[in-house]
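First up is the structure itself, then whatever we jot down about it.
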Amino acid sequence: MEIRVLDIEDAECCHELRLQSLLDSPEAFLTTYEIQSARPIEEIRQQIKPEDGRFTLGAFKDNQLVGMVTFVREIRPKIIHKGNIYAMYVAPGARGQGLGKALIQELVRRASILDGLEQINLTVISDNAAAKRLYASCGFKVFGIELNAMKSGGQYWNEENMVLFLT
């Protein structure tokens, strides 16, 4: 297994895994398969390109992208001490092998060296017990629940807000 920062040359495999994630777990993400599949590859390249305070990690097994997670640091002066985790996903065939934990640990390691970063936040669907266990095992703690945080087709999902304090 290899974990590394994804860059523009990884856009195609990243896009494919993102589409798989939206088919596999549509309730876990803010966007939809239809919206994501219509995005031009150049837009994906620009989004995946690492920048100061923003990166996407990819987990590769046998040279295939099987997991990914994105970190985005806040940029406004009063909240620049915070960063957020987005779009965490491990393909079903690669689950149960510690990839998710390795991705989160590497994200925390990389983010924690950013000057002035004090905390990392994420949200997780309240019904996703496996994801909640993963985040808790990495030190994240629940600090609130948003009821009816997402809605699709008349169904609502609650989200738990979690935080990891770095200092």
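The table below gives the values:
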{"item": "By accessible area with a 1.4 Å probe, ligands and nucleic acids excluded, highest first: order of Met1, Met88", "result": "Met1, Met88"}
{"item": "Stokes-Einstein D in µm²/s, Kirkwood radius over Cα pairs - the range 78-165 at 4 °C with 1.567 mPa s viscosity", "result": "92"}
{"item": "Summed residue charge, Cβ within 13 Å of Leu65's Cβ, Lys/Arg positive, Asp/Glu negative", "result": "-4"}
{"item": "Protein-only accessible surface order, largest first, of Phe143, Phe60 at 1.4 Å", "result": "Phe143, Phe60"}
{"item": "For the chain: relative contact order, % (alpha-carbon pairs under 8 angstrom, 6 or more apart)", "result": "18"}
{"item": "Geometric extent, Cα atoms of the chain - Rg, Dmax (angstrom)", "result": "15.4, 43"}
{"item": "Set of aspartates and glutamates with alpha-carbon distance to Lys101 below 16 Å, sequence-local pairs under 8 removed", "result": "Glu2"}
{"item": "Full-stretch length increase - Asn121, Lys141 - with 0.36 nm per residue and alpha-carbon distance subtracted", "result": "6.3 nm"}
{"item": "Difference of contour (0.36 nm per residue) and Cα-Cα distance, Ile80 to Phe165", "result": "29.2 nm"}
{"item": "Exposure rank, largest accessible area first [Ser25, Ser112; 1.4 Å]", "result": "Ser112, Ser25"}
{"item": "The range 27-81-the range 86-160 distance, computed between alpha-carbon centres (Å)", "result": "14"}
{"item": "Cα coordinate range in the range 1-75, projected on the principal axes (Å, largest first)", "result": "35, 28, 22"}
{"item": "Cα-based shape type of the range 32-123, given that a ≥ b ≥ c are square roots of the gyration tensor eigenvalues and the cut on a/c is 1.5", "result": "oblate"}
{"item": "Full-stretch length increase - Arg110, Asp24 - with 0.36 nm per residue and alpha-carbon distance subtracted", "result": "28.2 nm"}
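The values are calculated or read from the model by the stated rules, or taken from the named source; none is laboratory data. The model shown is predicted, which means the values in this text are computed figures rather than measured ones. Please note: Cβ atoms are built from the backbone with ideal geometry, for glycine as well, and neighbour counts cover all protein chains shown. Note: accessible area is taken over every heavy atom of the protein model, side chains too, but ligands, DNA and RNA are not part of it. Shrake-Rupley method; radii C 1.70, N 1.55, O 1.52, S 1.80 Å.
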